[in-house]
Amino acid sequence: MVVLIDILHPAHVHFFRNILHLLQKDNHKVVVTARSKEMSLELLREYGIEHSIISYQKNGLGLIVEMIVRTFRLMKICIDNRPDLLMGIMGPSIAVSGFLLRIPAWVFYDTENAWITNWFAYPLARRVYTPECYMGTIGKNQIRYAGYHELAYLHPQRFAPDRSILARYAVEPDKPYTLIRFVSWQASHDISEKGLSLKDKMRLIELAERYGRVYISSESPLPESIRSKHIPVKITEIHHLIAFAKLVVGESATMASEAAVLGVPALFISDTLRGYTIEEEKKYGLVYNFSRKEIEKALEIMEQILNDPESTRQYSEKWQKLLHEKSDVTLYMYQEITTFFSKEK
């Protein structure tokens, strides 16, 4: 069988790379199309994944033009390779291409506020896979599963933290440190979103520094005053840095969830909500969600965690509960695909 996987964002590479290798082991052909966005292409190269670039990241109204161009290019690749299944996250191009070419398109998504693409991608897709905690009902094609995107690549069956990797960056895993993440706000679902002010960023950094080292990961250039705290960790190795942190703080819902599924507490500061980070807070106590106006509350919780010598043990216990109740998402995808193929035969 032939499966086409469409990559729009670096996180999508992580999500699909394990299922890609499982399918290839079963002698299925996997075709990968990619969007040149941030570190997506670097990740694909690092993991040795062959791919075809079909669009380059645009912003604003340019997103519409990019969407049209990449959809036509994707359709041509579909005609040439005749895939039996299209897979992607968010999935605007695979949903349209699959609908027009009568190829099943499976969309995996967990971001409720991406209304620009969701309103047309969801109805056109054959199946829409969402975590159980997804806020809202999509329709008859929605399939809910017990997991988070991050468990496709950070489940213990797929990932093991390695202390030796941190030595490359002069990070001592046995000494407490905080990882702070700032984002660029260039995604389609970020149009109405604004990030933290420089003043609030500095407050987070200054508080964290009282309790250990601070390392910053940022999609955008940093002001000179905090540039020295940026850690140039390879994108394929950042999860090892997350795994040994005492706390992860920032504007990225994905990184907050990555921390949670690794047993590390996280503070997610954003004015838009995510069903998965809300569940990771209410059900497992591993993520704390705050709006930008709640910065004082965020600082208070941050200090409580950093000042608690027992926090690592306590969050490890919460993490075990999460792992017990959630699935290895790569294995779940594999079972869904093999069942689909057996029916097709």
Query raised in the report: Once amide H atoms are built 1.01 Å from N in the peptide plane, which residues 5 or more positions from residue 247, or in another chain, come under 5 Å H to H?
Result: 177, 179
Query - Mean separation of Cα contacts under 8 Å, 6 or more apart, over the residue count of the range 163-325: relative contact order % - result: 22 percent
**Report entry** Which of 6, 328 has the fewest Cβ neighbours within 10 Å, and the rest in rising order
**Finding:** 328, 6
Query raised in the report: residue 32's amide H: which non-local residues (gap 5+, or another chain) put their own amide H closer than 5 Å, with H modeled 1.01 Å from N in plane and none for Pro or chain starts?
Result: 5, 52
Report task. Determine which aspartates and glutamates satisfy two conditions relative to residue 25: a Cα distance under 19 Å, and not lying fewer than 8 residues away in the same chain. Result -> 50, 84, 328, 336
Query raised in the report: Karplus couplings for the range 121-128 from phi (6.51 cos²θ - 1.76 cosθ + 1.60, θ = phi - 60°), rounded to Hz, Gly and Pro as x?
Result: 5, 4, x, 7, 6, 5, 9, 10
Query - residue 336 paired with residue 321, simple spin-label distance in nm, labels 7 Å along Cα-to-beta-carbon - result: 2.7 nm
Query raised in the report: Would you list 65, 261, 30 from fewest to most Cβ contacts within 10 Å?
Result: 65, 30, 261
Query - C-alpha center-to-center spacing [the range 110-154, the range 261-286] in angstrom - result: 18 Å
Query raised in the report: Candidates (1) 55, 47, 46; (2) 59, 42, 39; (3) 120, 44, 32; which is the computed Cα extents along the principal axes in Å?
Result: (2)
Report summary line: Filtered hits (lysines, Cα-Cα < 28 Å from residue 58, offset >= 8 within chain) -> 37, 76, 194, 201, 234
Query raised in the report: FRET efficiency for residue 313 and residue 292, Cβ-Cβ distance as r, R0 = 35 Å, nearest 0.05?
Result: 0.65
**Report entry** Positive dipole terminus of the chain, leading residue within 61, 36, 342 (C-beta point charges)
**Finding:** 342
Report summary line: Per-residue ellipticity at 222 nm attributable to helices in the chain (runs of n ≥ 4 DSSP H, -39500 (n - 2.57) apiece, nearest 500 deg cm²/dmol) works out to -13000 deg cm²/dmol
Query - Backbone HN-Hα couplings from phi across the range 13-23 [Karplus 6.51/-1.76/1.60, Hz, Gly and Pro as x] - result: 5, 4, 4, 9, 5, 6, 5, 4, 5, 5, 5
Query raised in the report: Assigning unit charges at the beta carbon (Lys, Arg +1; Asp, Glu -1) and nothing else, what dipole magnitude in debye, to the nearest 20, does the chain show about its Cα centre?
Result: 760 debye
Query - Proximal aspartates and glutamates to residue 283, defined as alpha-carbon separation beneath 18 angstrom and excluding residues fewer than eight positions away on the same chain - result: 110, 132, 150, 258, 317, 325
Report summary line: Projecting the Cα atoms of 311, 198, 171 onto the charge dipole of the range 163-325, where Lys and Arg contribute +1 and Asp and Glu -1 at Cβ, the residue farthest towards the positive end is 171
Query - Amide hydrogen neighbours beyond the local backbone of residue 288, cut-off 5 Å, H modeled - result: 266, 267, 268
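May I ask you to sort 71, 111, 338 by Cβ crowding, counting other Cβ atoms within 10 Å and putting the fewest first?
Least to most surrounded, the residues fall as 338, 71, 111.
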Query raised in the report: How much length is gained if the chain between residue 230 and residue 79 is pulled fully straight, taking 0.36 nm per residue apart and subtracting their Cα-Cα distance, in nm to one decimal?
Result: 49.9 nm
Report summary line: the range 39-84 and the range 208-225 have their Cα centres apart by a whole-number Å value of 33 Å
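Rule-based calculations on the coordinates, nothing more; no lab input. For clarity, every value in this text was computed on a predicted model and none was experimentally measured. Cβ sites come from the backbone with ideal geometry, for glycine too, and all protein chains shown count toward neighbours.
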